[in-house]
Every structure is written in structure tokens, then in C-alpha cells.
Amino acid sequence: MGVDGPFDEILSRASEGDPTAFADLYRAYAPGVLGYLRAQGASDAEDLMGEVFVSVARRIASFEGDERKFRSWIFTVAH
């Protein structure tokens, strides 16, 4: 699981509001987040996944770190 391309560039563009870059992040991480939410027994995992990514979108500009830390951060938001 990861983005297709240079992570730092995609993250930077997503932080600046580029919807294509955010979509790249979504495509890379949404399946794992959905699987995690289902494994946790979420009754509406798809809806919760949407909420996770809305939260990520709102806070992405404050994120600092590499791709591994980003993945961890998304799962922290999901938790």
C-alpha cells in the first residue's frame, strides 16, 4: 500500500488543496482503512471511512513526516 509516485510531492500538492493529489492518497490508503474499520466491527465502515478522509483532508496541512508516518497517522485518525 502506498502512492504511485513521489510521496513528498503528492503530499505537498494535497496539502495545498490539489484534489488530484488527495485522490491519489485516497486510492492508496482507503482500502486499508476500510479493512481496518471492518475488522474493528464498524457497523457502517464505508461511512466511517469517508469521515476519516474528511478529517484527514481538514488536517493534512499540519502533517509532517514521511510516507510510513502518514500511513500511521491515517490509521490513528481511523482509530
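Mean Kyte-Doolittle hydropathy of 0.0 or higher plus an axial Cα length of 20 Å or more: which whole DSSP H helices in the chain meet both? Display every interim value, and only then the final one.
Working: long enough: 19-39 (29 Å, 0.30); 45-59 (21 Å, 0.27).
Those that clear 20 Å and a mean of 0.0 are 19-39, 45-59.
Relative contact order for the chain: what is it in percent, counting Cα pairs under 8 Å that are at least 6 residues apart? Show your work: numbers first, answer last.
Working: 58 pairs, mean separation 25.3, N = 79.
Here the relative contact order equals 32 percent.
Once the cut-off is 15 Å, how many percent of the Cα-Cα pairs in the chain end up in the long-distance tail? Could you put the intermediate results ahead of the total?
Working: 1567 of 3081 pairs.
Cα-Cα pairs in the chain separated by more than 15 Å: 51 percent.
Say we join alpha carbon atoms closer than 10 Å with springs in a Gaussian network model of the chain; which of Ser55, Ser15, Ser43 then has the biggest fluctuation?
Residue with maximal mean-square fluctuation among Ser55, Ser15, Ser43: Ser43.
Please work out how much length the chain gains when fully extended from Ala39 to His79, using 0.36 nm per residue of separation minus the C-alpha to C-alpha distance, in nm with one decimal. Don't skip to the end; give the middle numbers.
Details: separation 40, 0.36 × 40 = 14.40 nm, distance 1.15 nm.
In short, 13.3 nm is gained.
Figure the gain on full extension for Val54 and Arg27 (residue separation times 0.36 nm, minus the Cα-Cα span) and round it to one decimal in nm.
Working: separation 27, 0.36 × 27 = 9.72 nm, distance 1.40 nm.
Length gained between Val54 and Arg27: 8.3 nm.
Over the chain, with every protein chain in place, what whole percent of the accessible area is carbon and sulfur at 1.4 Å, could you tell me?
48 percent
For the chain, what is the accessible area per residue in Å² when the probe is 1.4 Å? Present the calculation step by step, with values, prior to reporting the outcome.
Values: 4760 Å² over 79 residues.
Per-residue accessible area for the chain comes out at 60 Å².
The values are calculated or read from the model by the stated rules, or taken from the named source; none is laboratory data. Quick caveat: nothing in here was measured; it's all calculated off a predicted structure. Quick note on the areas: whole protein, heavy atoms, side chains included, nothing else; ligands and nucleic acids left out. Shrake-Rupley method; radii C 1.70, N 1.55, O 1.52, S 1.80 Å.
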